[in-house]
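Notes follow the structure.
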């Protein structure tokens, strides 16, 4: 098992991507904290799958609230003895809107959604990781950064800010043995996918060299590399998981 003895927090763990990540990390031996904000039922369903053969707990916390995040980290330390891996998988709301109709407060909302939660979580786990001289921070972003689509300027700007945040932390935290990397996820089939018209999904798949959309497990498998010892000498990096679409 690649992650035996490690403890991971997965924010947005009740989402389809977050659930796949939590399940895969647990299958490789990690003890997992499944974070959720509102969807306790989904978090519990993921927990039930994991505890058949692994270890996990669910933890309600608002990543936008530092005290709430601190409590989540304390729960992880109390239950499992520490935190080794942090997966920041809360990306904020995405709404299509022409630039000329978008007000600055909507940019701020997305910036908070993308960066503030990651900032709070990184701050809360930092001392724990520093004490071990080992840590993994993995931020999940949307491939719309590399392959922009009209009408999402505030969302794309916020996702791009998380890229800068990741790279700056990689420089700042490397001396403590902490790596900080990005997973850049392509259009992924989730419970929210039906909101995208079928013709749009088909067109994206057609433009993708592997001729399909991503599945949550595709994102989780790529992320496993960053979470494991295999990535010991990799930091400030961005792994694009989109079936090759961004290069076209």
Packing rank of 180-187, 60-67, 197-204, where each peptide gets the mean count of other beta carbons within 10 Å, highest leading = 180-187, 60-67, 197-204
Gyration tensor (Cα only) of region 54-174 to equivalent ellipsoid, semi-axes in Å sorted down, yields 30, 16, 12
Using alpha-carbon pairs under 8 Å, 6+ residues apart, how would you state the relative contact order of the chain in percent?
-> 19
Per-bin percent of Cα-Cα distances, region 95-140 [10 Å] | 22, 36, 22, 14, 6
Take the Cα coordinates of the chain, assign each an equal point scatterer, and use the Debye formula without solvent to give log10 I(q)/I(0) at q = 0.09, 0.13 Å⁻¹.
-> -0.36, -0.77
Inter-part distance where region 30-82 and region 85-117 are each reduced to a Cα centre, Å = 23
Helix 117-132 axis, angle to the chain major axis (alpha carbon atoms, nearest 10°) | 30
Which order do peptides 151-160, 23-32, 207-216 fall in by mean Cβ count within 10 Å, highest first?
-> 23-32, 151-160, 207-216
Nearest 10 degrees, 0 to 90: what angle lies between the long axis of helix 198-207 and the longest principal axis of the chain (Cα atoms)?
-> 80
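Bear in mind that the values in this text are calculations on the coordinates, not laboratory data. Computed from a prediction, not measured in an experiment: that's the story for all the values here. Every residue, glycine as well, gets a Cβ built from its backbone with ideal geometry; the counts of neighbours run over all protein chains shown.
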